[in-house]
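Scroll down for the structure; my scribbles are underneath it.
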Amino acid sequence: MALLTRTAGALHRRPRLRLTLLLTAPLLWLAVLYLGSLTVLFVSAFWTTNSFTSEVVRVWSTDNFHELFTTPVYRQVIVRSVGVAASVTVLCAVIAFPVAFYTARVARPRWRPLLVVAILTPLWASYLVKVYAWRLILSEGGLADWMLRPFGLSGPGFGLPAAVLTLTYLWLPYMILPIHTALEQLPANLLDASADLGARAWRTFRSVVLPMVLPSVAAGSIFTFSLSLGDYITVQIVGGKTQLIGNLVYSNIELNLPMAAALGTVPVVVIVLYLLAMRRTGALSSL
């Protein structure tokens, strides 16, 4: 009992030691499991496979990366994957801003918590349930066809537009919430001062609102961009014949594991570069 009391007293007098002991377990888990798995992924990307048995041969080579960046199909898939992630991010930002502005500045205060809960509700549903629901909506004769038929139009069907639309729906809450928080914290007197100085609504948005909310938009884009870049299930269900990086990684795991590892390093590198770019906007401090 005395030893326990002395230990508690020593920890109380040394807050840094207390913090170090508290963070040791999660940091160890991060270093061993997460960073360790990334290291294994990167190392295995330099191995090769036996063309006859498809077994992994632990011989160092850069052939996988050479093939990755010289084969037109791989280059097209990489560019398409980054384009899909960027498109989903832009669509989420365009849709999220008016929704967040309404929930944070227009709706009555007593309704705002309920609206935030409504925005979060789709996140509680199963990922696969939501994707298959969109498959039914976008299928031939589905809800999209039924709604557009009176205008002489038809739904997008399965393909790249369907994948972008579904991914936008899936990750939209991750963009709405940080923008909602930033708009909610925006001082009302700044908007009043802008109006008193004769600024119109668009000028107020461009000069006052957007600069203050931009870090939160960038913070939301980190989620939408990274989650879209690494997704492969949505594309497999509603993307038709569309192939993204995740699909190629999945298809190469059994046949060519080193090539799958080389493909898997691409989104990791892209996301790291994206995080470095977003760091300049102050997005990381808004997370």
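Points to keep in mind about this one:
- Mean Cβ count within 10 Å, highest first, over the residues of peptides 168-181, 258-271: 168-181, 258-271
- In segment 131-287, a dipole from Cβ-located charges (positive for Lys and Arg, negative for Asp and Glu) runs towards its positive end, and of Leu248, Leu143, Trp202 it is Trp202 whose Cα lies farthest in that direction.
- A 1.4 Å probe run over the chain, with the rest of the protein chains in place, finds 62 Å² accessible per residue.
- Taking the Kirkwood radius as Rh and the Cα radius of gyration as Rg, segment 216-287 has a ratio of Rg/Rh equal to 1.08.
- Stretched out straight at 0.36 nm per residue, the stretch from Trp202 to Ala133 would grow longer than its current Cα-Cα span by 21.1 nm.
- Rounded to the nearest 20, the Cβ-based charge dipole of the chain about its Cα centre (Lys and Arg +1, Asp and Glu -1) stands at 1140 debye.
- Here the mean projected area of the convex hull built on the C-alpha positions of the chain is 25.1 nm².
- From its DSSP helices (H runs of at least four residues, each -39,500 (n - 2.57)), the chain gives a residue-normalised ellipticity at 222 nm of -22000 deg cm²/dmol.
- Rule-of-thumb Rg ratio for segment 167-252 [Cα; 2.2 N^0.38 Å; N residues]: 1.57
- Split the accessible area of the chain by element, probe 1.4 Å, and carbon with sulfur accounts for 69%.
- Across every direction, the projection of the convex hull enclosing the Cα atoms of segment 111-195 has a mean area of 8.6 nm².
- Charge dipole (segment 47-154, unit charges on Cβ, about Cα centre) - positive-most of Cys92, Ser61, Val117: Val117
The values are calculated or read from the model by the stated rules, or taken from the named source; none is laboratory data. Being a predicted model, the structure only gives us computed values, none of them experimental. Cβ atoms come from the backbone with ideal geometry, glycine included; neighbour counts cover every protein chain shown. Ligands, DNA and RNA are stripped out before the accessible areas are found, and what is left, the full protein with its side chains, is counted by its heavy atoms. Shrake-Rupley method; radii C 1.70, N 1.55, O 1.52, S 1.80 Å.
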